[in-house]
Amino acid sequence: MRVGELSRRSGVSVASIKYYLREGLLPPGERSSPNQASYDEGHVHRLRMVRALIDVGGLSVAATRAVLAAVDDPQVPLHEALGRASATTPPPWGASGDADDEARAGAQRALADLVRERGWHVSPKNPAWDTAVEVLATYTRLGDEDLARQLELYAEVMEDVARREVAVVVDRGDRARTVEGAVVGTVLGDTLLAALRRLAQEHCSAQLLEGAGLERAEDRARG
C-alpha cells in the first residue's frame, strides 16, 4: 500500500507518518521508485503501537524510540525490554532541593526495607525507585504518614498484578510478541491501573461517605 492508504488504514496523518519515519519510529517501506515506497500490515500495526505509546501512554518520542528499539532487537532479553519500558517515565520534578532531607532519608529506608523483606530483585537505579521515594517523602512532609503506611499493601497488590502480567506475555511464546506485550503492558498498564484506581475510589467514596451521611440524616430524623 502507498502512504495515503497507510494513513487511512492507521488513522495517522501522512505528515505524522513522515515524521515517524524520520525519527526512526516507523521502519521504511519497500522502495518502489526514488519517490515512492510500499507499506504493509506490519507498518499499520507499528503506527497503532506508536500512537498508543505516545497518545495513551504519554511517552515522549525519544522514550518511544527507546522501547521500540527493544521490540525490534532480537538480542534484547525480555527482562531487559521490560526494564527499558519501566525507565521511560523519569520523575517529573527533576533534582530537588530537598533531596537529602530527613523525610527523603526515611523514605529511602522504608522502601529499602520493603524490597529486602519481600525479596524483590530490583535496582535503586530504576527511575521508579526515585519516584516511590519522592512520593513517600512528600507524604511525610505533608503530615500524611497514614497514607505512607499503605506501602506494604500497595506492594503486595502490585506484585500479584505484575506476576500475572508477566506470565501473560511470556505465555505468548513468540519472542517479538512477548517483548511487545511487555512494553505495551508496562506503559499502557500504568494508565489503566491509575484509571481503575480512581474509579474504585469513587465507588468507595460513595459507599463510605454518602452512606455515612444518609445514616446521620436518618438519626437526626428519628431524634
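Would you pick out the residues in the range 155-187 that are outside any helix (DSSP H, G or I) and surrounded by 12 or more Cβ atoms within 10 Å (Cβ to Cβ)?
Correct list: Arg172 only.
Is it the case that Val56 is of a type in the set (Val, Ile, Thr) and either crowded, with 22+ Cβ neighbours inside 10 Å or closer than 18 Å to Lys18 by Cβ (or both)?
no
Pick from the range 157-185 the residues that are among the small types (Gly, Ala, Ser) and within 18 Å of Gly83 (Cβ to Cβ): which of them is nearest to the chain's Cα centre (by Cα)?
Restricting to residues being among the small types (Gly, Ala, Ser) and within 18 Å of Gly83 (Cβ to Cβ), the top hit is Gly185.
Looking at the range 103-143, which of the residues that are among the small types (Gly, Ala, Ser) and farther than 16 Å from Ala155 by Cα is surrounded by the fewest Cβ atoms within 10 Å (Cβ to Cβ)?
Gly143
No value in this document is a laboratory result; all are computed from the given coordinates. The structure displayed is predicted, hence computed values, not measured ones. In this analysis, Cβ positions are derived from the backbone assuming ideal geometry, glycine residues included, and neighbour counts consider all displayed protein chains.
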